[in-house]
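Structure, as structure tokens:
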Amino acid sequence: MSGESQELDDSLDDSQFPSIDFDDFKCSQCEKYLSVAPIYIYTDPIGKNKNVCGRCSVPDEGSKIRNVSYEILAKFLKFPCSSSKNCKEKLAWGEAEDHEAKCWHREMVCEICSGPYTTTTLISHYKKHHQKELFLDKNVVISEGDIYNHTYPKVVLVACARMVCLVHIQVETTIKIKVQPVFATSIPHALTVTFSTRNQIISFKNRQIKQNPNNTKNWNEYDFNIDHILDIFKSDSSEFKMELEIYQDGPNNDENASYNVDQYLSNEASGVMERISNTLECPTCYEVMAGNIYLCKTGHSICESCRKLVPVCPTCQGQYMGGRNYALEEISKKLKDFL
Ligand SMILES: [Zn+2]
Ligand SMILES: [Zn+2]
Ligand SMILES: [Zn+2]
Ligand SMILES: [Zn+2]
Ligand SMILES: [Zn+2]
């Protein structure tokens with residue numbers, strides 16, 4: 001995620017991060033750790049509060065508010081990797097999504113036999129069991145006959161700068177291409193496919209299909225219109241060559257950068273614990289919030305004793321609907337010995 005504060009990251013070393021048990025910090029939708037922004041408190045139709053992580057979409061029925069105070073505090077935590085229990089990496093806020101997409105311990109599925117593998121076993125599995133379908137050359141030749149008979153290359157191993165990807169090709173009324181990063185230092189964002197015959201070349205860049213927000217495979221999918229391509233090539237020859245190029249750059253849509261945590265923090269004291277207790281401070285009595293923490297309808301937190309004293313939120317005059325900030329309560333519980 002862009003917009004990370006260089007200043008902040010440099011000032012924190014591992015020993016300053018509190019070590020806590022993360023089992024209570026899980027998303028109610030995907031059950032992964034609450035380590036990807038934005039975190040929403042979702043109130044379901046029967047009035048139950050649940051946290052939903054940035055990997056997931058908040059269900060339409062019910063209401064939601066962004067858990068801003070949790071996100072601010074999460075900057076001080078190092079989360080376990082959600083991809084695998086075997087992974088020992090500790091991930092700072094903002095690092096989880098990228099790491100989990102390329103974690104070497106993550107589970108991968110064979111597209112042909114659906115078996116579960118890991119990054120280290122998947123390629124050898126393809127080599128051993130799907131030798132006929134696996135191609136090792138990024139220059140793929142497809143003839144009209146191959147399309148009819150379904151004998152075109154289905155899986156291509158493409159190695160390029162700093163990554164190895166499996167590229168899955170499906171030719172029907174369109175050419176669908178899925179890029180599955182296996183070993184990568186970052187998530188690939190762009191694909192260029194060059195279709196060529198003896199006399200003609202057409203290059204397509206990044207015809208990416210919109211991602212399903214709950215897609216946990218970390219694949220990018222691309223779509224190319226085959227009728228269009230075939231028409232161009234029909235007069236020329238009965239086969240075409242597809243050259244696959246994968247790049248790491250691409251459109252930088254940082255949809256989640258909607259509030260400036262760094263600016264908030266730059267005004268705070270420099271010690272980590274001091275900053276944590278400042279964030280956990282009740283805006284009304286200035287005590288560190290412990291026990292039940294209540295939320296106004298726009299997401300401001302308040303401690304239990306102050307909640308009993310005020311009819312509306314002192315910060316925004318908003319109503320209290322009975323919502324609680326469970327994630328913040330957990331943090332406060334776990335950090336009370338440090339504060
Ligand atoms: Zn989730
Ligand atoms: Zn990992
Ligand atoms: Zn298989
Ligand atoms: Zn208070
Ligand atoms: Zn408020």
With R₀ set to 35 angstrom, the calculated FRET efficiency between the beta-carbons of D24 and E281, to the nearest 0.05, is 0.95
A290 to K85: FRET efficiency via 1/(1 + (r/R0)^6), r the Cβ-Cβ distance, R0 22 Å, to the nearest 0.05?
0.10
Gain in span if fully extended, S305 to K48, counting 0.36 nm per residue against the direct Cα distance
90.3 nm
What is the order of C81, C53, fewest Cβ neighbours within 10 Å to most?
C81, C53
Using Cβ counts within 10 Å as a stand-in for footprinting exposure, how do Y286, Y320 rank, fewest first?
Y286, Y320
May I ask you to compute the full-extension gain from E31 to Q200, defined as 0.36 nm times their residue separation minus their alpha-carbon distance, rounded to one decimal in nm?
55.8 nm
Taking the Cβ of each residue in F25, F204 as the centre, tally the other Cβ atoms inside 10 Å and list the residues starting with the fewest.
F204, F25
Let a ≥ b ≥ c be the square roots of the eigenvalues of the Cα gyration tensor of region 17-141; is it rounded (a/c under 1.5), or, if not, prolate (a/b larger than b/c) or oblate?
prolate
Lysines with Cα under 28 Å of K297, excluding same-chain neighbours fewer than 8 positions away
K26, K32, K48, K50, K64, K75, K308, K333, K334, K336
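The numbers here are math on the coordinates, done by the rules we state, and not lab data. What you see is a predicted model, and the numbers here were worked out from it, not measured in a lab. Every residue, glycine as well, gets a Cβ built from its backbone with ideal geometry; the counts of neighbours run over all protein chains shown.
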